[in-house]
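Quick notes on the structure that follows.
The values are calculated or read from the model by the stated rules, or taken from the named source; none is laboratory data. Fair warning: this is a prediction, and the values are worked out from it, not measured in the lab. Cβ placement follows ideal geometry from the backbone for every residue including glycine, while neighbour counts extend to all protein chains displayed.
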Amino acid sequence: MSAEDPLRTPSGVLVPAGTDPFHRRLHRIAPAGLIDQTSQTTGMRRREAISGKTVGAEHLWMGQTHVPASTNSGNHHHGSSETAIFVLSGTPLFVFLDVEGDEPIETRVQTAPGDYIFVPPFVPHREENPDPDTEAVVVIARTTQEAIVINLDGLNWSV
């Protein structure tokens, strides 16, 4: 093969120029391979699976969040990142300030296993797990390659 010949996969698919071998294969991350060395918020534990650190991702972050029984997380937002959440286990509540007229109203979104939540960029929120016995575990995907976490004193947008 000459330097001018395009690189193709065994099935004949053209590989974009500049794609290194690491980005031409799938990466499996087993539960034991998740890492805790990511931004954290009090009352919860984030575990990173897919990121630039773990698999060389350039535009995606994915992992898990664990909220112990009878625990609330701190208030936070995720900067410019859109966040998609899938409730794996437990019944966490997601709390944010909704605007009704001129007054912000603290709003709670109750979830159950199998539910999805969308958190828009910069929206202050927190997770609550009122269940006295069961840890809440959610799977998170973000549109930024790193887990942006801005911890806040309250849910107010001006904080």
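Numerical summary
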read-out: Every residue from segment 114-131 that is loosely packed, with under 14 Cβ neighbours inside 10 Å, at negative phi and not in a strand (DSSP E or B); value: P120
read-out: Qualifying positions in segment 72-115 - aliphatic (A, V, I, L, M) and closer than 13 Å to I140 by Cα; value: A84, I85, V87, L88
read-out: Leading residue by the ranking (farthest from V67 (Cα to Cα)) among those in segment 137-159 that are assigned to a loop (DSSP other than H, G, I, E, B) and polar (S, T, N, Q); value: S158
read-out: Filtered residue count, segment 19-36, keeping only those that are exposed (fewer than 10 other Cβ atoms within 10 Å of the Cβ) and either at pLDDT 75 or above or more than 18 Å from Q145 (Cβ to Cβ) (or both); value: 7
read-out: Residue among T54, T41 that is out of contact with any helix residue (DSSP H, G or I) (no Cβ under 6 Å at 6 or more places or on another chain), surrounded by 15 or more Cβ atoms within 10 Å (Cβ to Cβ), outside any strand (DSSP E or B) and at pLDDT below 85; value: T41
read-out: Residue satisfying condition, being more than 16 Å from the chain's Cα centre (by Cα), without any contact (Cβ under 8 Å) to a residue 60 or more places away in the chain and assigned to a loop (DSSP other than H, G, I, E, B), within set T134, T107, T91; value: T91
read-out: Condition broken by F96, with the remaining ones in (1) more than 17 Å from L152 (Cα to Cα); (2) among the hydrophobic types (A, V, I, L, M, F, W, C); (3) touching a Leu at 6+ places or on another chain (Cβ under 8 Å) satisfied; value: (1)
read-out: Whichever residue in segment 69-110 is within 22 Å of V149 (Cα to Cα) and hydroxyl-bearing (S, T, Y) and, among such residues, is surrounded by the most Cβ atoms within 10 Å (Cβ to Cβ); value: S73
read-out: Near pairs, Cβ below 7 angstrom, 6+ apart or cross-chain, from segment 25-52 (of a type in the set (D, E)) to any residue that is outside any loop (DSSP other than H, G, I, E, B); value: D36/R45; D36/R47; E48/I35; E48/T54; E48/G63
